1. Once both labels are modelled 7 Å past Cα along the beta-carbon direction, what's the Phe107-Leu161 spacing in nm?
2. To test your reading of the geometry: what angle, between 0 and 90 degrees and rounded to tens, separates the Cα axis of helix 2-20 from the longest principal axis of the chain?
3. For the chain, report the convex hull volume of the alpha-carbon atoms normalised per residue, in Å³, without decimals.
4. What are the equivalent ellipsoid semi-axes of the range 62-174, built from the alpha-carbon gyration tensor (square roots of five times its eigenvalues), in whole angstrom, biggest first?
5. Taking the range 49-124, which GluC sites (Glu not before Pro) meet the DSSP loop condition and have no more than 14 other C-beta atoms within 10 Å?
6. Take the chain, mark every one of the trypsin sites (Lys or Arg not before Pro) that falls in a DSSP loop and has at most 13 other Cβ within 10 Å, then report the longest stretch left between them, sites excluded.
7. Taking R0 as 25 Å, what FRET efficiency do you get between Ser45 and Thr131 from their Cβ-Cβ distance, rounded to the nearest 0.05?
8. Give a residue-ordered list of calculated ³J(HN,Hα) values for the range 160-167 (Karplus: 6.51 cos²θ - 1.76 cosθ + 1.60, θ = phi - 60°; whole Hz; x for Gly, Pro).
Amino acid sequence: MKKLFLTLTAVTALTVASHAQTEQGKFLIGGQVGFQTSKQKDADSKFNSFSINPTAGYFVSDNWAVGTGIGYSWSNRDNGMDQEFKTNWFNVSPFVRNYIGEGQFKFFSQLSVPMAWGKQTVETLAGTTETKLEHYGVELAPGFAFFPASNVGIELKVRGLYFESQKDKTNDLTNNTFGLDVNSLAPTLGVQFYF
């Protein structure tokens, strides 16, 4: 009887603690950091990139959070033929997130509006050209959160439904993309902190 009581108490405590993570007045903090480098064998071609995008949100009501991500990304591609491409982006991505479910496991949907402004510099033997770039989008992404502790959530998310528009302001060119990406074999894995 004592073991049953202890087990029920532990399960109840975990359920209450995990529910408290998405209550009104709580915060969530997370983000993304990325680095990539590659070099083509027997050629001078190489690529390097770095990105950082911290996110923060606030629960305006139970299971509803609003927030934003603010970040920076940089890449450098040298194709080994006297051409070098350098790209810098400043990113902002406000979002609204809704959690559904009780206990340690919750589904969520996130509506975000990713925006980025940057420039690309191309260096060749003939000289240097600079292009100003803008990126705007809308994304509805589903996900799943597991709360192993009272202030930590492990998330699995797919990109979902999205629209994005990238504009080359220097040459007045626009590229629009619409898609649905729910590839279960390529989800993103993340950790959020709740307090």
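Bear in mind these aren't lab numbers, they're just calculated from the coordinates by the rules spelled out. Keep in mind that what you see is a predicted model, and the values were worked out from it rather than measured. Neighbour counts run over all protein chains shown; Cβ positions are idealised from the backbone, glycine included.
1. In this crude label model, Phe107 to Leu161 measures out at 1.5 nm.
2. 40
3. Normalising the Cα hull of the chain by residue number yields 139 Å³.
4. Whole-Å semi-axes of the equivalent ellipsoid: 38, 16, 11.
5. Within the range 49-124, the qualifying GluC sites (Glu not before Pro) (loop, at most 14 other Cβ atoms within 10 Å) are Glu102.
6. Here the longest segment lacking exposed loop sites spans 42-168.
7. After rounding to 0.05, the efficiency reads 0.75.
8. In residue order, the calculated couplings are x, 8, 8, 9, 9, 10, 10, 10 Hz.
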